[in-house]
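The values are calculated or read from the model by the stated rules, or taken from the named source; none is laboratory data. Please read all numbers here as calculations on a predicted model, not as lab measurements. Positions of Cβ are generated from backbone atoms using ideal geometry, with glycine treated the same way; all protein chains shown enter the neighbour counts.
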């Protein structure tokens, strides 16, 4: 691997890690709400969360690019606060990745949250446990499988992004050039040896991560 490939690996690792951490903090409450609410607005929120699964990445990237443009209210606000444009920057990749990987984190958690028995939470409440105590003492231990699967899928999905990161981040070395774009560059320039190394590494990483996910599922199913 060349120095540029290692730099792209570092950018990708940062992007996937930051995206996953943000999803853990912000999307966990969303998954719990979707699993437990009976509010009619759920019928709109659920398809919105799942939309990136079926929406072509370039479509989402196009609309995000418009939203990040200095001519948009959000892009102008970002420019006024930071003195830097949001489009074609690392923060743009993070925002786009959080949105694009959202369903891959929320849906596995939503499934396990739905299977948490309400009677256990009610019993804890009668013993004086507050909502936060119940979440950390009961919900998280009972939902460990969902958290492992959600975190693995969100991280892996971010690593494999191409269309959306190219649309909103471009191909700036050391800032927005991730592994998938570097692989494309190698293929486009007929550097198949370098492309094989990156493609093989990503293939191995994806296989090992899925092996972990399926292993976790089997372990919990056998309990």
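Which pairs turn up if I take residues in region 52-75 that are free of Cβ contacts under 8 Å to residues at least 12 places away in the same chain and look for partners that are buried (at least 18 other Cβ atoms within 10 Å of the Cβ) with beta carbon separation below 8 Å, at least 6 apart in sequence or on another chain?
67/75
Just the residues that are surrounded by fewer than 16 Cβ atoms within 10 Å (Cβ to Cβ) and either in contact with a strand residue (DSSP E or B) (Cβ under 8 Å, 6 or more places away or on another chain) or touching a residue at least 24 places away in the same chain (Cβ under 8 Å) (or both), please, taken from region 200-209.
205, 206, 209
Is there any pair with a first residue in region 174-199 that is on the phi > 0 side of the Ramachandran plot and a second that is part of a helix (DSSP H, G or I) and surrounded by fewer than 18 Cβ atoms within 10 Å (Cβ to Cβ) whose Cβ atoms are under 9 Å apart and which are 6 or more apart or on different chains, and what are they?
Note: pairs meeting the criteria are 174/4; 174/7; 174/10.
Based on what the data block shows, is residue 183 surrounded by fewer than 16 Cβ atoms within 10 Å (Cβ to Cβ), farther than 24 Å from residue 35 by Cα, modelled with pLDDT of 85 or more and under 22 Å from the mean Cα position of the chain (by Cα)?
Considered against the rule, which asks whether it is surrounded by fewer than 16 Cβ atoms within 10 Å (Cβ to Cβ), farther than 24 Å from residue 35 by Cα, modelled with pLDDT of 85 or more and under 22 Å from the mean Cα position of the chain (by Cα), residue 183 comes out as no.
Of all residues in region 168-180, which are more than 22 Å from residue 196 (Cα to Cα) and either modelled with pLDDT of 90 or more or not in a loop (DSSP other than H, G, I, E, B) (or both)?
Across region 168-180, the qualifying residues are 168, 169.
I'm checking my understanding of the structure. Among residues of region 1-12 that are outside any loop (DSSP other than H, G, I, E, B) and touching a residue at least 60 places away in the same chain (Cβ under 8 Å), which one is nearest to residue 194 (Cα to Cα)?
Among residues in region 1-12 that are outside any loop (DSSP other than H, G, I, E, B) and touching a residue at least 60 places away in the same chain (Cβ under 8 Å), the one nearest to residue 194 (Cα to Cα) is 5.
For every residue, the table says whether it meets (1) closer than 30 Å to residue 184 by Cα; (2) assigned to a helix (DSSP H, G or I); (3) modelled with pLDDT of 90 or more; (4) more than 19 Å from the chain's Cα centre (by Cα).
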site: 99; (1), (2), (3), (4): yes, yes, yes, no
site: 106; (1), (2), (3), (4): yes, yes, yes, no
site: 141; (1), (2), (3), (4): no, yes, no, yes
site: 154; (1), (2), (3), (4): yes, yes, yes, no
site: 161; (1), (2), (3), (4): yes, no, no, no
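From the residues in region 108-122 that are in a helix (DSSP H, G or I) and modelled with pLDDT of 75 or more, which one is surrounded by the fewest Cβ atoms within 10 Å (Cβ to Cβ)?
So the residue we want is 114.
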